[in-house]
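> This structure is in structure tokens; I'll ask about it shortly.
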Amino acid sequence: MHSETGQYHLLPFLQSSIPRLWDGTGEMEPVGDIDELALVRELRSRHNTAVATFLERYRPLLLHCIGNFEQDHSTRDDLFQDVVLYIFDRLDANAYDPAKGSLGTWLYRVAWCRVVDLKRRDGGRRTPRLTMVGDQLPERVDASPTPGEAASTDEIGQLVRRGLAHLDGEERSLLVLRFVDGRTMEDIAAALGISLEQAKYRVKRASAALRRVLVHDYSFEDAAP
Amino acid sequence: MKQDNESLRFGPQELPTTDAARTAPQQSPHAHQRDPHTLRREHLDAADSWLREQARAAGAPSECPTPEELYEFGGGPGAGQFDPALTSARRAEIDRHLAACAECDSFVDTLASVPPSPLVLVPAKAAAPSRRAPLWLLTAMAAGLVFVVGMVATNTDRMASSGAFPVVGQLRGQASTALAAPTTKVLVIDAALAERFPALAQGVHLELRSAETATSWRFDVFELSAAAASNGERPLFQQGGAETTCRFRLHEHGLHAGSVFAWEARATEAGLTKYLGRATVDVVRDDALTQQLLAASSELDALHLLHAGGWRMEALALARAMPPSGPRDRYLEALLAR
């Protein structure tokens, strides 16, 4: 993954000046008890101590955020570097308003949004849209499924309907309300007279139950002669 | 159905997710034999896509919200602080979109994981070198310790056997949260009960377990109601400061027997606003218990009734109103430690 902040030159600076803090290995150097506003000010000037303090203080927080998205160690490191550079970018742009909340909270939000952005771009790169080159380029790609795709979709649909039929009444109703009727979680909670949290939990549980049934069915199909 | 589930080879947590399927390594075009796990993942992925497609066909918006909107929607740390709150119409749009978009749905799911705290501000100092004590001194100290422990154990047994204060059991495997009380229910106190036990008539007392490193706390209280306009919740009030407790009266906020409210707590610690948790609490009128409490021969009997019924907030209030004593303090400590 590549940084899109245009500040690649910062990485060698950070990694060479504070390598042990950057990679999280070894003993950490003691740093001063610098307050948030001073830290933000110093970070804009890229003072070594401020950067070291920042990394020591907020590295676990940022890694926690990133770890929710990415399990692979090296990809996590790439994301961490990108997120840190992006945060510096945002700080340079005066995007942090201390009147609205603490620096840690703002950092978590910025990191989360950045990772979502990168994940979306990464997903987009994995599934490129191919277009034909030629004189008779259609104005709009025909989005309708091919006969093969339609047959496959029908088959999957039948499997899911069959799986739904195996679920108990409430689980089936929840999945139908959510996916087939397109109801919001709030609507579902109101319809069932339960809290929103309960509704979310039960829909997740119903989805897991359906997946169990589908895997079960698939195992049988696989074993059939 | 239940038997079917039990006979499965995969538990729910072991099932491949659609996200895992999406990021699974691509098979070589020359690989004719594909492993069963990949096939299962593709099978589940196709089923999930089919379901999501139904939601799209039912009118779910296909355009993905911005990350900031998703963060607000998912209630990440500091949601509502740095961006304006989402309108209920926009929340509903995002909600419907999540049914149709597995990726956005998985992003929002990550917000359920609470960030770590406390963050390490100052590295632990190296232990100071200590002089080694002579062996005879260590032996004498150990003997003394055995004696003291024995005396304490004997006294504790005596206190427990007299049944003075309820015994707080150890629940293994139950994660202790920062929210001490109330966590499930509060009792509606009528006039007679308030007169008999004034400590129970002090209103709702939201209480957190102690967190020495935090500097300030914030409480948010909502009424949960299917009829509430937004999100099934009606914000009642917010209170913040240097206290780990918060008091309010049910009737001042329109709560009564049968109401359900939720409270959330946040702590500011090491510059980070940390979400401590949320409890959903039923407001309960229990006439049978009220009669039993009125008939109790002593405060201690009443305490036993409350403790046995799981009325944690009320038990804490009553115990605190009792004369200070070792057993009382230990009971309070044990109740707040869990």
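The values are calculated or read from the model by the stated rules, or taken from the named source; none is laboratory data. Predicted model only: the values in this text are computed from it and were never measured. Backbone-built Cβ (ideal geometry, glycine too); neighbour counts: all protein chains shown. Just so you know, the surface numbers come from the protein's heavy atoms only, side chains and all, with ligands and any DNA or RNA stripped out. Shrake-Rupley method; radii C 1.70, N 1.55, O 1.52, S 1.80 Å.
> Give me the distance in nm between label points sitting 7 Å out from Cα along the Cα-to-Cβ direction at B:A321 and A:D72, one decimal.
6.3
> Would the range B:187-338 count as rounded, prolate or oblate if I go by the C-alpha gyration tensor, calling it rounded below 1.5 in a/c and otherwise prolate when a/b exceeds b/c, oblate otherwise?
oblate
> So, one more: Based on the alpha-carbon gyration tensor of the range B:265-317 and its eigenvalue square roots a ≥ b ≥ c, which shape applies: rounded if a/c is under 1.5, prolate if not and a/b is larger than b/c, or oblate?
Prolate, since a/c reaches 1.5 and a/b exceeds b/c.
> Which of rounded, prolate or oblate describes the range B:228-304 when judged by the alpha-carbon gyration tensor and an a/c cut-off of 1.5? Please list the in-between numbers first.
Details: a/c = 2.93, a/b = 1.59, b/c = 1.84.
Since a/c reaches 1.5 but b/c is at least a/b, the shape of the range B:228-304 is classed as oblate.
> Now, a different point. Modelled label-to-label distance, B:D282 and B:A201, 7 Å Cα→beta-carbon offset: nm?
Reported label-point gap for B:D282 and B:A201 is 2.7 nm.
> Could you work out how far apart the two model spin labels at B:R330 and B:S297 are, taking each label as a point 7 Å from the Cα in the direction of the beta carbon, and quote it in nm?
2.3
> For a 28 Å ceiling on Cα separation, which of these pairs sit above it: A:K119/B:K274; A:K100/A:K200; A:K119/A:K204?
A:K100/A:K200
> What does the structure give for B:105-113 when I average, per residue, the other chain Cβ atoms found within 10 Å of the residue Cβ?
4
> Given R₀ = 45 Å, what would the calculated FRET efficiency be for B:L39 paired with B:R90, taking r from the Cβ atoms and rounding to 0.05?
The value I calculate is 0.70.
> A follow-up question, please. So if R0 is 30 Å, what FRET efficiency would B:A112 and B:R209 give, r being the distance between their Cβ atoms, rounded to the nearest 0.05?
The calculated FRET efficiency here is 0.90.
> When the accessible area of each residue in the range B:256-287 is compared between its chain alone and the complete protein assembly (1.4 Å probe; ligands, DNA and RNA ignored), which residues differ by at least 20 Å², being lower in the assembly?
For the range B:256-287, once contacts with the other chains are taken into account, B:G271, B:L272, B:T273, B:R278 lose 20 Å² or more.
> Per residue of A:54-61, what is the mean number of Cβ atoms on other protein chains within 10 angstrom of that residue's Cβ? Don't jump to the answer; show the numbers that get you there.
Details: counts 0, 0, 5, 7, 4, 2, 6, 9.
Counting Cβ atoms of other protein chains within 10 Å of each residue's Cβ and averaging gives 4.
> Let me know the mean shielding of B:43-56 by other chains, meaning the per-residue number of their Cβ atoms within 10 Å of its Cβ.
6
> Got the relative contact order for the range B:231-295 handy, in percent, Cα pairs under 8 Å and 6 or more residues apart?
RCO, the range B:231-295: 26 percent.
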